[in-house]
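Asks: What follows is a structure written as structure tokens; I'll ask about it next.
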Amino acid sequence: NPDKIWIDHVEEQTIEPVLDAGYWAGMTLYPVTKCSPRRAVDILEKYPRERLLVNSSADWGPSDPFTLQESIVEFRRRGHSLQEAVEIYHNNPCRFLGQNTKWDIKPITISEE
């Protein structure tokens, strides 16, 4: 069942077949290699966001967990609403992980006044 599968490390060349097959597509952000915060926002602006997940790296190579926050700032800088950011960066992970009954963090709505 593709609803239950998150394929990570997608980029411009690989995201389309992943989404077309019905899977969740994850972008892991790196400060130097692979997917940068700016590239991730470029992808977010090009593809439907309902099954996109964005996460930061903290592994063996050059990594920086704060690239996730950089991506959010870049997304907002480009004029996207706070609720759009919440949908991608909070609600999408909650929807995917919420398939497990032990996950109890729910999607949220932000009032922008």
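Asks: Looking at segment 71-87, I want the residues that are within 19 Å of residue 26 (Cα to Cα) and have a partner that is among the basic types (Lys, Arg) with Cβ atoms under 7 Å, at least 6 apart or on another chain. Which pairs are those?
Replies: 74/38; 85/76; 87/49
Asks: Could you check segment 1-32 and list, in sequence order, the residues that are of a type in the set (Gly, Ala, Ser) and closer than 13 Å to residue 48 by Cβ?
Replies: 22, 25, listed by residue number.
Asks: Taking residue 20 as the residue in question, decide whether it is of a type in the set (Asp, Glu) and over 16 Å from the mean Cα position of the chain (by Cα).
Replies: Judged against the criteria, residue 20 is a match.
Asks: Return the residues of segment 85-104 that are within 20 Å of residue 49 (Cα to Cα) and either small (Gly, Ala, Ser) or exposed (fewer than 12 other Cβ atoms within 10 Å of the Cβ) (or both); say none if nothing qualifies.
Replies: Passing the criteria: 85, 98, 99.
Asks: If you don't mind, another one. Being aliphatic (A, V, I, L, M) and surrounded by fewer than 14 Cβ atoms within 10 Å (Cβ to Cβ) is the filter; apply it to segment 1-31 and report the residue that is farthest from residue 66 (Cα to Cα).
Replies: 21
Asks: If residue 43 passes every condition in (1) closer than 18 Å to residue 12 by Cα; (2) at pLDDT below 95 but one, which one does it miss?
Replies: Just one mismatch for residue 43, condition (2).
Asks: Going residue by residue through segment 62-70, is there one that turns out to be buried (at least 20 other Cβ atoms within 10 Å of the Cβ), modelled with pLDDT under 95 and in contact with a helix residue (DSSP H, G or I) (Cβ under 8 Å, 6 or more places away or on another chain)?
Replies: Yes, that holds for at least one residue.
The values are calculated or read from the model by the stated rules, or taken from the named source; none is laboratory data. Predicted model only: the values in this text are computed from it and were never measured. All Cβ positions, even for glycine, are placed from backbone atoms using ideal geometry, and neighbour counts span all protein chains on display.
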